[in-house]
Amino acid sequence: MISMCGICAVSGKDAYLVSRALLTRLNHRGQEGTGLFIHPAEDNIIKGHGLVNEVLKIDNERKSLILTVGQVRYPTQGTLIPENIQPIIKTIDNVKYVIAHNGEIVGSNDLIIKWNLEKEIPNHFSDTHIIPYSIARAPGENLEDKIINGLSNLNPSWSLCMAIQEEDKNPLLIFAKDPYGIRPLSLVKNHQGIYALSENSLPSKNGQEIRELEGGEIIFVEEGQIKKIHKIEQKRGSPCIFELIYFHFPVGEFSGLDIPSVRDRLGRQLAIEDSKDNSIIKDSIVVYAPDSSHVAAVGYSSQANLPLKPGIVRRHYQSNPRGFMAKPEKRAALLESKYLNL
């Protein structure tokens, strides 16, 4: 089972509007649920089923917000109920945990049983709900130590954006990636503040700094400034290959690899293997399914010396959710409305 989604967090000016823009960029990673924690605010969580622009409305009254944690959800574990639309919020021992999680924690059910949490985390809840308990139960002289030790005890995979707040204190924002670096997570610094988001696909301009978190890296942010960086012992890098092949946006980098270059090379390699098997038919054309396979098709057509033709065209002036994420009973109708066959 895989668990893919898009997460982000913002500490800085216009946090709500920035988060809305970031989650919109990540909507190809999850389309069944959108959630955003906002601070400071009385009603500090916005959740709903649907795309970002359906759940998060443009709201200039929220311009004063300075901290957010958000997710677009593609559910593969836990039923699609409000409790599983992230970020989740849990208070344990007067500490408030707000968590958005991309990945799947191996052995989470074993921890639920070991810690007698069957009532707190029912079967229909996602594995994300184990994270605050792991931190709360971890040893440490202060909150930062407990976070480090609590995350160190969790099996991969996890990339996390979290806001954790002790009573009567400002919230601490945490970005973290498991020691194997399985799921993507990138850090962005610019004149407005500090962000984290699932993909390294933002442009580097106007002094904006972007880098991918290393495996095992935990970054602590307070009031728009990096307070501390801790590194759990890094394991052998094991980036998710599905990100490189399909899931990641067609531009950007993951695990030090340029996404378009990887997909072009994959297309070329497929053509090489097909030529060895005599599978390339003379006078054929190469047709790609927009947009994810476009770059791979370019590589294939170049290597095989076959023309690339637009046999399928996507309708641009309507909502176009990804077909493979749709429920099976709705997929055929969605694809029929999304594409035009030439």
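Read-outs throughout are calculated quantities, based only on the coordinates presented, and are distinct from any laboratory measurement. The shown structure was predicted, so the numbers you read here are calculated from the model rather than taken from an experiment. Backbone-built Cβ (ideal geometry, glycine too); neighbour counts: all protein chains shown.
Under a 10 Å cutoff between Cα atoms, tell me which one of Ser108, Ser255, Ser284 has the largest fluctuation in the Gaussian network model of the chain. Taking springs between Cα atoms under 10 Å, the residue moving most is Ser284. Considering only alpha-carbon pairs that sit under 8 angstrom and 6 or more positions apart, the relative contact order computed for the chain is 13 percent.
Near Lys235, the amide H atoms lying under 5 Å from its own belong to Tyr180; only residues 5 or more places off or on other chains count, and H is placed 1.01 Å from N.
Which residues among the stretch 171-200 fall inside the zone where the amide N is under 11 Å from a point 7 Å beyond the Cα of Lys13, along Cα→Cβ? Taking a point 7 Å out along Cα→Cβ of Lys13, the residues of the stretch 171-200 whose backbone N falls under 11 Å are 191-193.
Taking the Cα centre of the chain as origin and charging only Cβ (+1 Lys, Arg; -1 Asp, Glu), how large is the dipole, in debye to the nearest 20?
Details: 39 positive and 40 negative charges, 189 e Å.
Once rounded to the nearest 20, the dipole reads 900 debye.
Return one number: the angle in degrees, 0 to 90 and rounded to the nearest 10, between the long axis of the Cα atoms of helix 328-338 and the longest principal axis of the Cα atoms of the chain. The answer is roughly 60 degrees. Between Asn170 and Asn155, the modelled label-to-label distance comes to 3.9 nm, taking each label 7 Å out from Cα in the direction of the beta carbon.
What's the longest bit of the chain with no exposed GluC sites (Glu not before Pro), using DSSP loop states and at most 11 other Cβ atoms within 10 Å as the test? Longest site-free region, per DSSP loop and neighbour criteria: 234-342. The long axis of helix 15-25 is offset from the longest Cα principal axis of the chain by roughly 30 degrees. Using R0 = 25 Å, the C-beta based FRET efficiency linking Glu120 and Glu141 works out to 0.45. Using Cα atoms only, what is the angle between the long axis of helix 143-152 and the major principal axis of the chain, expressed in degrees (0 to 90) to the nearest 10? Helix 143-152 sits roughly 40 degrees off the main axis of the chain.
Note on the chain: with a GNM built from Cα contacts shorter than 10 Å, the maximum mean-square fluctuation among Lys282, Lys90, Lys114 falls on Lys282.
The structure shown yields Cα extents along the principal axes in Å, and of the options (1) 71, 45, 44; (2) 115, 51, 34; (3) 73, 45, 33 that calculated value carries the label (1).
The separation of the stretch 6-31 from the stretch 202-251, counted between C-alpha centres, amounts to 15 Å. Computed extension gain for Asn94 through His294, at 0.36 nm per residue and net of the alpha carbon distance, reaches 66.9 nm.
Each label was represented as a point 7 Å from its Cα along the Cα-to-Cβ direction; for Glu42 and Ser302 these points are 5.8 nm apart.
In plain terms, the chain from Asn53 to Arg236 could stretch by 62.0 nm, reckoned as 0.36 nm per residue minus the Cα-Cα distance. Largest GNM mean-square fluctuation across Lys96, Lys119, Lys231, computed for the chain with C-alpha springs under 10 Å, falls on Lys119.
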